[in-house]
Amino acid sequence: MRSKIVAGNWKMNKTLEEATALTSEILKMVTDEVSSDAKVILCTPFPYLLPVKKQLDNQTRIATGAQNCSEHEAGAYTGEVSAPMLASMGIPYVILGHSERRQYFGEGGSLLAKKVDVVLKHGLTPIYCCGEPLDVRERNEHEALVKQQVEESLFHLDADTIKKIVIAYEPVWAIGTGKTASAQQAQDMHAVIRKHLADKYGQATADSISILYGGSVNAGNAKELFACADVDGGLVGGASLKAKEFVEIIKSIS
Ligand code: 13P
């Protein structure tokens, strides 16, 4: 059985004080109110990973994740953070290939393949993002693009290794816009991704990989999205910055 996961992507938000307050609130509510065994991951800005991890130290329900890391292991790369650094801090997850990294920082397929490799080499789990911009969907080329994104950064892995990846489908037109993909649109794309994985690696491997939906997930739409057969949880942006709403989203997974 693949894992159900709700991950919050805080992006570049919150002061340290706000980040620790948000973590405390989420931790308390998850401990008191959440009965499912869905994994919860807080993907915080780099400087908050250790303080947040420390707050979460005495429990196993909530884990930490980074939002990016370098494709290099060490060296003269001013301002970068490496996978070995994250591993040495005990951070288990890292988002790779978020559309904001693709769009504003020019990240693409071959670079992301290198990041996937270095992250796996150091024992972290990549949350690999894919998803189409609006014009691509309007041209009805979204399936082809997302298949290509999965292929170019993940298909060099062998079957045992790709099982260690989490995939997040995040249509760019739904990110931060308040415009969510319908449950049907999400399910259709998740099924396309899973079939693409099955064609390459076999059904059993494809069935073991968690595929999360991201793009304006909120407390009102999470239940319907998470009920889709191939949607294994969510990668949540704006709504993960509000403890109560984020915990409502976590409760929507069964
Ligand atoms: P929103 O939930 O704010 O649309 O962001 C989604 C996202 O980019 C998560 O990685």
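The set of residues in the range 174-212 that are more than 16 Å from the ligand (Cβ to nearest atom), β-branched (Val, Ile, Thr) and more than 16 Å from residue 145 (Cβ to Cβ) comprises 205, 209. Does residue 86 satisfy the criteria of being in a helix (DSSP H, G or I), away from the ligand (no atom under 16 Å from the Cβ) and crowded, with 19+ Cβ neighbours inside 10 Å? When the stated conditions are applied, residue 86 passes them.
If only residues of the range 196-241 that are in contact (Cβ under 8 Å) with a residue 40 or more places away in the chain and of a type in the set (D, E, K, R) are counted, the one that is nearest to residue 65 (Cα to Cα) is 232. Among the residues of the range 119-136, just one is assigned to a helix (DSSP H, G or I) and either surrounded by 19 or more Cβ atoms within 10 Å (Cβ to Cβ) or hydroxyl-bearing (Ser, Thr, Tyr) (or both), namely 119. For first residues located in the range 104-133 and on the phi > 0 side of the Ramachandran plot, partners that are open to solvent by less than 60 Å² (accessible area, probe 1.4 Å) and of a type in the set (A, V, I, L, M, F, W, C) and lie 6+ apart or on another chain with Cβ distances below 7 Å form the pairs 123/87; 131/146; 131/172.
Are any of the residues in the range 51-73 within 16 Å of the ligand (Cβ to nearest atom), hydroxyl-bearing (Ser, Thr, Tyr) and open to solvent by less than 30 Å² (accessible area, probe 1.4 Å)? So far as the range 51-73 goes, yes, one or more of its residues are within 16 Å of the ligand (Cβ to nearest atom), hydroxyl-bearing (Ser, Thr, Tyr) and open to solvent by less than 30 Å² (accessible area, probe 1.4 Å).
Annotation for the range 101-111: no member residue is within 20 Å of residue 247 (Cβ to Cβ) and among the basic types (Lys, Arg). Residues of the range 1-25 that are surrounded by 13 or more Cβ atoms within 10 Å (Cβ to Cβ) and within 16 Å of the ligand (Cβ to nearest atom): 5, 6, 7, 8, 9, 10, 11, 13, 14, 22.
Within the range 233-254, being buried (at least 16 other Cβ atoms within 10 Å of the Cβ) and more than 16 Å from the ligand (Cβ to nearest atom) holds for one residue alone: 251.
From the list 249, 211, exactly one residue is over 23 Å from residue 102 (Cβ atoms) and touching a strand residue (DSSP E or B) at 6+ places or on another chain (Cβ under 9 Å). Which is it? Matching residue, one of 249, 211: 249.
Of the helices (runs of 4 or more DSSP H) contained entirely in the range 142-232, those carrying at least 3 residues that are surrounded by 21 or more Cβ atoms within 10 Å (Cβ to Cβ) and hydrophobic (A, V, I, L, M, F, W, C) fall at 142-154, 183-201, 222-226. Residues in the range 31-74 that are part of a helix (DSSP H, G or I) and in contact (Cβ under 8 Å) with a residue 60 or more places away in the chain: 1 in all.
The values are calculated or read from the model by the stated rules, or taken from the named source; none is laboratory data. As the structure is a prediction and not an experimental result, all values here were calculated from the model. Cβ atoms come from the backbone with ideal geometry, glycine included; neighbour counts cover every protein chain shown. When the accessible area is computed, the model is the full protein with side chains, heavy atoms only, and any ligands, DNA or RNA have been set aside. Shrake-Rupley method; radii C 1.70, N 1.55, O 1.52, S 1.80 Å.
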